[in-house]
Amino acid sequence: MTALEFSHKIASLRPTLQTFTRRFTTNKEDSLDLVQDTIMKALQYKDKYRDDTNLKGWLFTIMRNTFINNYRKNQRAKTSHDTTKELFYLNVKDEHTFNCPDSSFEYKDAWKNINTLKEELLVPFKMHTSGYKYNEIAEHLNIPIGTVKNRIFHARKEIQKALQGY
């Protein structure tokens with residue numbers, strides 16, 4: 001396949017590539033960038049493509065890998081490293097945290113309302129908020145898993161109704 005034929009085949013697949021980007025991003029600019037990066041890499045590595053290979057699948061693989069690599073690069077960029085002597089920034093007390101739930105009225109009021117729930121709703125709800133999985137709660141209480149989910153759901157609804165003023 002000549003370089004011109006290869007370029008025309010890739011150009012004809014551009015709408016398909018743009019549709020495929022919806023799996024990765026909903027932002028139109030990011031989508032167009034991803035298509036452009038994919039086409040650039042495909043043209044750059046044309047010599048790696050073999051004629052017996054599915055071109056669309058090859059392009060989709062390039063796109064997926066490009067997206068994953070960009071995502072990982074962005075995640076690494078968000079990570080901060082403290083290079084100061086004795087890790088000064090990591091040991092600074094956070095003066096801007098206002099979250100003190102033990103002393104806040106809302107926290108106490110929420111738990112007061114939670115504790116007024118019927119026992120059959122309260123026990124599964126407290127177990128769930130403590131980190132137990134649905135199946136663990138079902139085994140512990142000897143009830144079906146659907147009943148556990150239902151009781152937790154109704155507990156949440158009653159708590160929301162009681163806390164509607166917040």
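We did not get these values from a lab; they are worked out from the coordinates using the rules stated. Since this is a predicted model, take the numbers as computed values, not measurements. Quick reminder, even Gly has a Cβ in these numbers, built from the backbone with ideal geometry, and neighbours come from all protein chains shown.
Of note:
- Comparing 152, 130, 142 along the charge dipole axis of segment 105-156, the residue lying farthest to the positive side is 152, per the Cβ-charge model.
- When the chymotrypsin sites (Phe, Trp or Tyr not before Pro) in segment 1-85 are filtered for DSSP coil states and for at most 11 other beta-carbon atoms within 10 Å of their beta-carbon, the remaining sites are 45.
- Potential lengthening of the chain between residue 115 and residue 23 amounts to 28.7 nm, from the contour at 0.36 nm per residue minus the alpha-carbon distance.
- Modelled label reach - residue 106, point 7 Å along Cα→Cβ, segment 149-164 residues with backbone N closer than 20 Å: 156-164
- Dmax and Rg, reported as Rg then Dmax, of segment 105-156 (C-alpha, Å): 11.2, 36
- Projected label points at residue 149 and residue 2, each 7 Å from Cα along the beta carbon direction, are separated by 6.1 nanometres.
- Note on segment 3-78: Rg/Rh from Cα positions, Kirkwood definition for Rh, rounded to two decimals, is 0.99.
- 23 Å Cα-Cα reach of residue 161 towards lysines, excluding residues that sit fewer than 8 places from it in its own chain: 108, 112, 118, 126, 149
- Label positions at residue 163 and residue 51, each projected 7 Å from the Cα along the C-beta direction, are separated by 6.7 nm.
- Linear extension gain, residue 77 paired with residue 134, 0.36 nm per residue minus alpha-carbon span: 16.8 nm
- 3J(HN,Hα) from dihedral phi, segment 37-54, Karplus parametrisation 6.51/-1.76/1.60, rounded to Hz, x for glycine, proline: 4, 5, 5, 4, 5, 5, 5, 5, 10, 4, 5, 7, 7, 10, 4, 8, 9, 5
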